[in-house]
Amino acid sequence: MAKLKILKFPSPKLRIKAKEIKDIDKKIKIKIDDMFETMYDAPGIGLAATQVDFHYRLLVADVSSEQNEPLVMINPIVNKKEGVAINQEGCLSIPGYFGDVERAKTIWVSYLDGLGNKIDSEFDGLLSVCVQHEIDHLDGKLFLDHLSEAKRQRIRKSIDKEKRQRTKSSKSNI
Ligand code: GNR
Ligand code: NI
């Protein structure tokens, strides 16, 4: 297994739309293992392939506190959404920033598991939030895109400033 590098905002690669997976081959299975290692190490409750620069429709998640309920979703499709829920979200690609995002409360999703079995599931609560957040990544969307323009600007400016200061100190640190 290998830990993968997570792309950070504002990498343009986070905006790439992921392609459908046609065949769950060895390469995909290795990627799934590596994504779990990367997600558990971070730690995070979900990880989309897009975040590790692999632009195929694959995500992993585990919202359990024991890290013993791994979920793999390949080519997920949301068939139905119901209700509204607002939750504070964060993202491993935007570390240190959080925002309240409005999403559907309940979702019904079709996907393939890691063995290629077709699954139809209903998600609610944190797993519903997480799956919607990860599917957004596969479409090149970030939780920032759901915030108000003002809040998004504030976060973008703060990240720009952080980056400028890192550049400055690396120059003065010889
Ligand atoms: O670890 C994560 N926590 C989280 C919290 C609230 C809503 C969504 C998430 S997903 C995030 C990991 C991540 O960035 N996945 O793409
Ligand atoms: Ni994320």
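The values are calculated or read from the model by the stated rules, or taken from the named source; none is laboratory data. What you are looking at is a predicted structure, and each value in this text was computed from that prediction instead of being measured. Ideal geometry is used to build each Cβ from the backbone, glycine not excepted, and the neighbour counts take in all protein chains shown. Side chains are part of the model used for accessible areas, which takes the heavy atoms of the whole protein and leaves out ligands, DNA and RNA. Shrake-Rupley method; radii C 1.70, N 1.55, O 1.52, S 1.80 Å.
Shape analysis of segment 1-101 places it in the rounded category; the axes a ≥ b ≥ c from the Cα gyration tensor give an a/c below 1.5.
With only Cα atoms counted, the chain has Rg and Dmax values of 16.8, 56 Å.
The residues of the chain expose, per residue, 57 Å² of accessible area to a 1.4 Å probe.
Annotation: extensible slack from residue 148 through residue 29 equals 39.0 nm (criterion: 0.36 nm per residue apart, minus Cα-Cα distance). Pairing the Cα long axis of helix 125-138 with the longest principal axis of the chain, what angle in degrees results, from 0 to 90 and rounded to the nearest 10? It works out to around 70 degrees.
For the residue pairs 105/163; 80/141; 19/151; 27/141; 3/80; 27/161, the alpha carbons lie more than 28 Å apart in 105/163; 19/151; 3/80; 27/161. Dividing the Cα radius of gyration of segment 81-137 by 2.2 N^0.38 Å, with N the residue count, gives 1.24. Report summary: the helix-based calculation at 222 nm, which adds -39500 (n - 2.57) for every DSSP H run with n ≥ 4 and divides by the residues of the chain, gives -10500 deg cm²/dmol. From the alpha carbon centroid of segment 17-75 to that of segment 110-171 is 14 Å. Maximal additional length on extending the residue 139-residue 110 stretch stands at 8.8 nm, based on 0.36 nm per residue less the C-alpha distance. When only the Cβ of Lys, Arg, Asp and Glu is charged (+1, +1, -1, -1), the dipole of segment 40-174 relative to its Cα centre reaches about 1060 debye.
Of the heavy-atom accessible surface of segment 77-174 (probe 1.4 angstrom), what whole percent is carbon and sulfur? Result for segment 77-174: 51 percent of the exposed heavy-atom area is carbon or sulfur. With the gyration tensor restricted to C-alpha atoms of segment 51-94, the semi-axes of the equivalent ellipsoid amount to 19, 17, 15 Å, longest first. Computed on segment 7-78, with alpha-carbon pairs under 8 angstrom and 6+ residues apart, the relative contact order is 30 percent.
Within 10 Å of each candidate Cβ there may be at most 11 other Cβ atoms; applying that plus a DSSP loop requirement, which trypsin sites (Lys or Arg not before Pro) in segment 14-55 survive? Qualifying residues, ordered by number: 17, 22.
Relative contact order, whole percent, for the chain stands at 22, derived from Cα pairs under 8 Å and 6 or more residues apart. The GluC sites (Glu not before Pro) found in segment 60-137 that occupy coil by DSSP, while having at most 14 further C-beta atoms within 10 Å, are 66. Computed over the Cα atoms of segment 105-174, the ratio of the radius of gyration to the Kirkwood radius (Rg/Rh) comes to 1.23. Applying both filters, DSSP loop and at most 12 other Cβ atoms within 10 Å, to the chymotrypsin sites (Phe, Trp or Tyr not before Pro) of segment 15-107 gives 98. Other residues lying with their Cβ under 14 Å from the Cβ of residue 97 contribute a combined charge of +3, Lys and Arg counting +1, Asp and Glu -1. Equivalent ellipsoid of segment 48-151: semi-axes from √(5λ) of the C-alpha gyration tensor, largest first, are 22, 16, 14 Å.
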